[in-house]
Amino acid sequence: MPLTLTPNFSEPGKRYFRAFSPGDDFYEMLIDAHRDLSDEQSAMLNAKLILLLANQIGDLSVLRAALAQARDGV
Amino acid sequence: MLKTYAYPKYEYQQPQEQLERSVARYPVVIVGAGPVGMAAAIDCRLHGIPVVLLDEDDTVSVGSRGVCYAKRALEILDRLGVGDRVVAKGVSWNVGRTFFRDEEVFNFNLLPEPDHKRPGMINLQQYYLEEYLVDRCVELGVDMRWKNRVVSVQRMSDGVRATIETPDGTYGIEAEWLIAADGARSPIRKQMGLEVEGKVFQDRFLIADVVMKADFPAERWFWFDPPFHPNQSVLLHRQADNVWRIDFQLGWNADPEEEKKPEKVIPRIKAMLGDEREFELEWVSVYTFQCRRMQEFRHGRVLFVGDAAHQVSPFGARGANSGIQDADNLVWKLKLVLDGKALEGLLDTYSTERVAAADENLMNSTRSTDFITPKSAASRTFRNAVLTLAEHHTFARALVNSGRLSVPVVLADSPLTTADEEPFSGSMVPGAPMDDAPVGIGDKKAWLLDQVGNTFQLLYFTDVAERLAGKLDELRGLSMDAVPVEPVIISEKAGAMDGVRVLHDLMHLVARRYDAREGSVYLLRPDQHVVARWRKFDAHKIRAAVARATCNPQ
């Protein structure tokens, strides 16, 4: 499976009237998860989140492609 | 006095009842002649309601203020009779460019869906909109009273008594219903001791209106963290008369008085434009904002609309646009209650429906604000990562949030709608604001939204209008009910029918956008929202849905 780089957020059973809504829903959840954390705590949250999501994806070829994209230009 | 605009001065006249020392009673008194108060006043007149409009000042909005008017607001302004002037004077734009630091990361073209009368959004200084609304109020006989400041309101069981101050002293007035359109700081709300709850954003923004001497593209440019204004955001937008609006984020610690000085503002703009472009500074202001709303918009006989009821951040143009929709939602309900065709409880649904809309606007504008002005290091890192990825990947572009286009809320959970019994596809669900489409009347081209509104209506879809001749008596029956429903036939082929309007579905777009087939019917509210729809005409079901939409017993 190739790395998905087009908009891909949705929630099963939920109807969206506007295309931007699911992505904005996700981004708000993400920022809310970090609310009131110190920088160090935020870094720990991010590391745990990446590990959880990586395990969810599982496919190492996808993870390799994602890592390369993330590393690019940093 | 601006270089491009001369403020009108409207004449104060001493009110008749002040001269006579009497207290007059009116069905509707509106406080505040801003865009929302005037929209409500015009709508009252279109419904035949006598209306008094009080304003403490005697001119229009000072400064450009609200400059973006979105499609739904324009459609409402069409219904109110000022849409053409607003759109003719306004500026349309489609291209938006997003910059991060010193690079353009992407641009977009709004490319509005064709075959709608109005574009997604136009830009126009608020003073023009207000001037056109004043003209329309005068034309329709609104009793406009300039330099009339409400000093107190007193609630009564069957109305409201207001004490008003004019240059000639004070006088009293009684209203069956009072619409408070008196702005974000609403003195009426304060005097009634009503709370507004929400969030204050600790940030300041400088707005400058600039007249450009040279050509400059009609595009929206948004900078995140630009070299000429590090760590902050900047927005550039075109308005009418070659005036450009520039918003600089300043941060909470900026001194507003200092920042407003031309010697401070001009170098900022020069740095942004590069030195070679000539411009003149027209108007400057510094603002802060809050995201908050009242718990309820109806308090007995007082109805709060616009900024008095809810305030949002300016990102996404949801202030004036949502206020105009408040008026659109309120006035037809008020008319039914005044005429004794619905109980006061119908006005509680003004509150529930517009509270739901305010919550959606608050959510979207708060999200934009959080993206534009991150509140923590982690939030800033994510924001910058999104902007970096946006240069190459569409998923990240979709996450860039510099303000979401103001679109009307779908009142899907409203108690006034009737749920579908049969499946329909598309977006015209019960509660949705209507989609526009071209239609033909005889051999003239027209627009669907210009043909509906102000009363309940039934769109009846058919291939050939004449086929519905057998239903004529039943359709006429609906139009003679206490709450009348006017039938309008949407016919695939041009046709006519005695005593019933027929709209020709010129490009078959009405049927497509409403997923209609032979015999499908749509029940519409006076504010152009879908109430209910069926695959087959049934007068009994239609009457039940009208009763539900007016809070009457079924």
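Here are some conditions: (1) assigned to a strand (DSSP E or B); (2) at positive phi; (3) not small (Gly, Ala, Ser). B:Asn231 meets all but one. Which one does it not meet?
Every listed condition holds for B:Asn231 apart from (1).
Starting from segment A:34-56, keep only residues that are more than 9 Å from every other protein chain (Cβ to nearest Cβ), then list their pairs with residues that are surrounded by 15 or more Cβ atoms within 10 Å (Cβ to Cβ) and in a helix (DSSP H, G or I) whose Cβ atoms are within a distance under 7 Å, requiring at least 6 positions of separation or different chains.
Qualifying pairs under 7 Å: A:Ala54/A:Leu63.
Quick check: is even one residue across segment A:16-29 free of Cβ contacts under 8 Å to residues at least 60 places away in the same chain, touching a Ser or Thr at 6+ places or on another chain (Cβ under 6 Å) and more than 7 Å from chain B (Cβ to nearest Cβ)?
Applying the first criterion (free of Cβ contacts under 8 Å to residues at least 60 places away in the same chain) to segment A:16-29 yields A:16-29.
Still in the running and touching a Ser or Thr at 6+ places or on another chain (Cβ under 6 Å): A:22.
Filter again for more than 7 Å from chain B (Cβ to nearest Cβ), leaving A:22.
Looking through segment A:16-29, at least one residue is free of Cβ contacts under 8 Å to residues at least 60 places away in the same chain, touching a Ser or Thr at 6+ places or on another chain (Cβ under 6 Å) and more than 7 Å from chain B (Cβ to nearest Cβ).
Of the residues B:Phe382, B:Phe424, B:Phe395, which single one is surrounded by fewer than 21 Cβ atoms within 10 Å (Cβ to Cβ), within 14 Å of chain A (Cβ to nearest Cβ), at pLDDT 95 or above and not in a helix (DSSP H, G or I)? Can you show your working first?
Details: B:Phe382 fails: not in a helix (DSSP H, G or I); B:Phe395 fails: not in a helix (DSSP H, G or I).
That would be B:Phe424, the only listed residue that is surrounded by fewer than 21 Cβ atoms within 10 Å (Cβ to Cβ), within 14 Å of chain A (Cβ to nearest Cβ), at pLDDT 95 or above and not in a helix (DSSP H, G or I).
How many residues are assigned to a strand (DSSP E or B) and small (Gly, Ala, Ser) if we restrict to segment B:127-162? Write out each step before concluding.
Narrowing segment B:127-162 to residues assigned to a strand (DSSP E or B): B:143-145, B:149-156, B:159-162.
Adding the requirement that they be small (Gly, Ala, Ser) leaves B:152, B:159, B:162.
Residues flagged as assigned to a strand (DSSP E or B) and small (Gly, Ala, Ser) within segment B:127-162 amount to 3.
Examine segment B:343-359 for a residue that is part of a helix (DSSP H, G or I), among the aromatic types (Phe, Trp, Tyr) and either in contact with a strand residue (DSSP E or B) (Cβ under 8 Å, 6 or more places away or on another chain) or over 25 Å from B:Arg101 (Cβ atoms) (or both), and state whether such a residue exists.
At the first step, the residues of segment B:343-359 found to be part of a helix (DSSP H, G or I) are B:345-359.
With among the aromatic types (Phe, Trp, Tyr) added as a condition, the list becomes B:350.
Next, only the ones that are either in contact with a strand residue (DSSP E or B) (Cβ under 8 Å, 6 or more places away or on another chain) or over 25 Å from B:Arg101 (Cβ atoms) (or both) stay: B:350.
There is at least one residue in segment B:343-359 that is part of a helix (DSSP H, G or I), among the aromatic types (Phe, Trp, Tyr) and either in contact with a strand residue (DSSP E or B) (Cβ under 8 Å, 6 or more places away or on another chain) or over 25 Å from B:Arg101 (Cβ atoms) (or both).
Among the residues of segment B:92-118 satisfying the criterion of being touching a helix residue (DSSP H, G or I) at 6+ places or on another chain (Cβ under 9 Å) and surrounded by fewer than 17 Cβ atoms within 10 Å (Cβ to Cβ), which is farthest from B:Asp436 (Cα to Cα)?
Only one residue fits best here, namely B:Arg101.
It is to be established whether one or more residues within segment B:402-411 are part of a loop (DSSP other than H, G, I, E, B), at positive phi, more than 9 Å from chain A (Cβ to nearest Cβ) and buried (at least 17 other Cβ atoms within 10 Å of the Cβ).
First pass over segment B:402-411, keeping only residues part of a loop (DSSP other than H, G, I, E, B): B:402-411.
With the extra rule that they be at positive phi, the set shrinks to B:403.
The next check asks that each one be more than 9 Å from chain A (Cβ to nearest Cβ); those that pass are B:403.
Pick out the ones that are also buried (at least 17 other Cβ atoms within 10 Å of the Cβ) and you get B:403.
Within segment B:402-411, one or more residues are part of a loop (DSSP other than H, G, I, E, B), at positive phi, more than 9 Å from chain A (Cβ to nearest Cβ) and buried (at least 17 other Cβ atoms within 10 Å of the Cβ).
May I ask you to say which residue of B:Ser491, B:Ser479, B:Ser520 is closer than 12 Å to B:Ile441 by Cα and buried (at least 16 other Cβ atoms within 10 Å of the Cβ)? Walk me through it before giving the result.
Working: B:Ser479 fails: closer than 12 Å to B:Ile441 by Cα; B:Ser520 fails: closer than 12 Å to B:Ile441 by Cα.
That would be B:Ser491, the only listed residue that is closer than 12 Å to B:Ile441 by Cα and buried (at least 16 other Cβ atoms within 10 Å of the Cβ).
Rundown of residues vs (1) surrounded by fewer than 24 Cβ atoms within 10 Å (Cβ to Cβ); (2) under 20 Å from B:Lys335 (Cβ atoms); (3) within 20 Å of the chain's Cα centre (by Cα), yes/no style:
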position: B:Glu20; (1), (2), (3): yes, no, no
position: B:Gly34; (1), (2), (3): no, no, yes
position: B:Met38; (1), (2), (3): no, yes, yes
position: B:Asp57; (1), (2), (3): yes, no, no
position: B:Ala70; (1), (2), (3): no, no, yes
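The values are calculated or read from the model by the stated rules, or taken from the named source; none is laboratory data. All of these numbers come straight from a predicted model, not from anything done at the bench. Note that we place each Cβ from the backbone using ideal geometry, even for glycine, and neighbour counts take in every protein chain shown.
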